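For reference, the structure is listed below as structure tokens.
The values are calculated or read from the model by the stated rules, or taken from the named source; none is laboratory data. Values in this document were obtained by computation on a predicted structure and should not be read as measured data. Cβ sites come from the backbone with ideal geometry, for glycine too, and all protein chains shown count toward neighbours.
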Amino acid sequence: MQNRSLLFIIMLLLFVGVIPAQTVPDLGEYKTLKCDFHMHTIYSDGLVWPTVRVDEAVREGLDAIAITDHLEYLPHKKYLPDGHNISYEIANKYAKKKNIICIRGAEFTRWMPPGHFNALFIQDANKLIIKEFLPAIEEAINQGAFILWNHPGWIVHQPDKVVRWYDIHTTLVERNWLHGIEFANWHEYYPGVLKFTDKYNLAVIGNSDVHGVSSEVFLSQSDHRPFTLVFATERSEAAIKEALFAGRCIAVAEKDILAGPKDLTNRFVKACLEVQVSNNGDIFLTNRSDLPFIFMSSNQKEYLLPKSGTVNLPKQNENVWTIKNVLVDNNNYLTLTLEK
Ligand SMILES: [Zn+2]
Ligand SMILES: [Zn+2]
């Protein structure tokens, strides 16, 4: 009876959202954290007060957020004279009470090239107000920043949505001043990014870049906003920073398209699956995660493994399956051999 009461209380807490549901498996020694490293508040061109971003993160089961207001585009500036650090400081104070990790960031807002860049884990956003681009990045680097190239295929920068690499990006890589690129941003994702993350060993990131209210922008048409799965040694800001610099992350676009390095996506998808093989070779899969996976057989037939659901796969000669919603580079999906 006591156990049943305890179970009831736990179910109730899960239902009212006090305990966030465990929705993605950890990866061996690493904790899997859901993170969004790009969002705006009223302190740039966002439409919400900074604490709203924390409440949204709690509701959507995120572990960490970065507040990344534009440094150069402040349409509400005359009402907000307190500088570029205040949005983070308001959000962070509240985030501590809500057990959300809040990261200090800022967005450099330049025409392409070079485009827009987030500096994450900075110390003082006010010191990043520098007209020339490379000295501005250098200041962020001196503050210990992780530099992320944002939405490189954004239609405003690239009308044909093609991701293009310019000399300035080579300069950044040569100086070790570029550490990741957004594969997923807002309602979009850019497979062309993977050519460059692969070539230059950069982190593959998914972010919301939310300006309005998250539930209105994303939850009306998807289960979730875009986010990044980070494989960190512990649930802390320092561990997230270490994992990002090591490239231990996978981007998740709004419509459940995942992208990341081959070995990491392989390990993660395997961790999500419970595999049972019957005597006649049929496969029964259970999904331990809240991300769906689309399995394609060698004769191109597709089978959906729903989030937290199950699917039966028929026996096939080569037991190799293509996961059609997991990209490992510009042209290839993840392939898996399914064994018990
Ligand atoms: Zn931007
Ligand atoms: Zn932005």
**Study point:** Given (1) more than 16 Å from ligand 1 (Cβ to nearest atom); (2) under 24 Å from ALA136 (Cα atoms), index of the condition GLY192 fails
**Key:** (2)
Check your understanding: Which of the residues that make up the stretch 82-119 are of a type in the set (S, T, N, Q) and either at positive phi or within 16 Å of ligand 1 (Cβ to nearest atom) (or both)?
Key -> SER87, ASN99, THR109, ASN118
Practice item. Test GLU188 against the stated conditions and say whether it is within 16 Å of ligand 2 (Cβ to nearest atom) and either loosely packed, with under 14 Cβ neighbours inside 10 Å or in the same structural domain as ILE67 (by TED's automatic domain parsing) (or both). Key: yes
**Study point:** Residue check, ASP329 within 17 Å of LYS270 (Cβ to Cβ), in contact with a Ser or Thr (Cβ under 9 Å, 6 or more places away or on another chain) and either assigned to a loop (DSSP other than H, G, I, E, B) or of a type in the set (Gly, Ala, Ser) (or both)
**Key:** no
Review point. So is TYR79 out of contact with any strand residue (DSSP E or B) (no Cβ under 6 Å at 6 or more places or on another chain), away from ligand 1 (no atom under 16 Å from the Cβ), assigned by TED's automatic domain parsing to the domain that holds THR233 and closer than 26 Å to VAL24 by Cα or not?
Key: no
Revision key, fill the gap. A careful count of residues in the stretch 58-76 that are in a loop (DSSP other than H, G, I, E, B) and either within 16 Å of ligand 1 (Cβ to nearest atom) or within 23 Å of the chain's Cα centre (by Cα) (or both) gives 11
Point to revise | Residues of the stretch 144-164 that turn out to be in a loop (DSSP other than H, G, I, E, B) and either not assigned by TED's automatic domain parsing to the domain that holds ASP124 or not small (Gly, Ala, Ser) (or both), as a count | key: 14
Review point. In this structure, is PHE133 surrounded by 14 or more Cβ atoms within 10 Å (Cβ to Cβ) and either within 15 Å of ligand 1 (Cβ to nearest atom) or of a type in the set (Lys, Arg) (or both)?
Key: yes
Practice item. Kindly indicate whether any position in the stretch 82-91 is within 16 Å of ligand 2 (Cβ to nearest atom), closer than 30 Å to THR170 by Cα and of a type in the set (Gly, Ala, Ser). Key: no
Point to revise | Selected residue (only one of LEU74, LEU128, LEU62 is assigned by TED's automatic domain parsing to the domain that holds THR170 and in contact with a His (Cβ under 8 Å, 6 or more places away or on another chain)) | key: LEU128
Exercise for review: Give the residues of the stretch 33-50 that are away from ligand 2 (no atom under 12 Å from the Cβ), within 18 Å of ASP63 (Cα to Cα) and surrounded by 24 or more Cβ atoms within 10 Å (Cβ to Cβ), sorted by residue number.
Suggested key: LEU33, CYS35, PRO50
Exercise for review: For VAL217, state whether it is within 16 Å of ligand 2 (Cβ to nearest atom) and out of contact with any Asp or Glu (no Cβ under 9 Å at 6 or more places or on another chain).
Suggested key: yes
Revision key, fill the gap. When restricted to ALA271, ALA239, the only residue small (Gly, Ala, Ser), touching a Lys or Arg at 6+ places or on another chain (Cβ under 9 Å) and in the same structural domain as THR109 (by TED's automatic domain parsing) is ALA239
Review point. Does at least one position in the stretch 133-143 carry a residue that is in a loop (DSSP other than H, G, I, E, B) and out of contact with any strand residue (DSSP E or B) (no Cβ under 9 Å at 6 or more places or on another chain)?
Key: no
Study note, to complete from the structure: Within the stretch 304-324, residues surrounded by 15 or more Cβ atoms within 10 Å (Cβ to Cβ) and either assigned to a strand (DSSP E or B) or in contact with a Lys or Arg (Cβ under 6 Å, 6 or more places away or on another chain) (or both) come out as LEU305, VAL311, LEU313, TRP321, THR322, ILE323, LYS324
Check your understanding: Any idea how many residues of the stretch 198-228 are outside any loop (DSSP other than H, G, I, E, B), without any contact (Cβ under 8 Å) to a residue 40 or more places away in the chain and of a type outside the set (A, V, I, L, M)?
Key -> 4
Check your understanding: Can you name the residue in the stretch 140-175 that is surrounded by 18 or more Cβ atoms within 10 Å (Cβ to Cβ) and not hydrophobic (A, V, I, L, M, F, W, C) and is also farthest from ligand 2 (Cβ to nearest atom) among such residues?
Key -> HIS169
Exercise for review: Would you please list the contacts, defined by Cβ atoms under 9 Å and residues six or more apart or on different chains, that run from a residue in the stretch 297-325 that is farther than 28 Å from PRO191 by Cα to a residue that is basic (Lys, Arg) and exposed (fewer than 12 other Cβ atoms within 10 Å of the Cβ)?
Suggested key: PRO314/LYS301
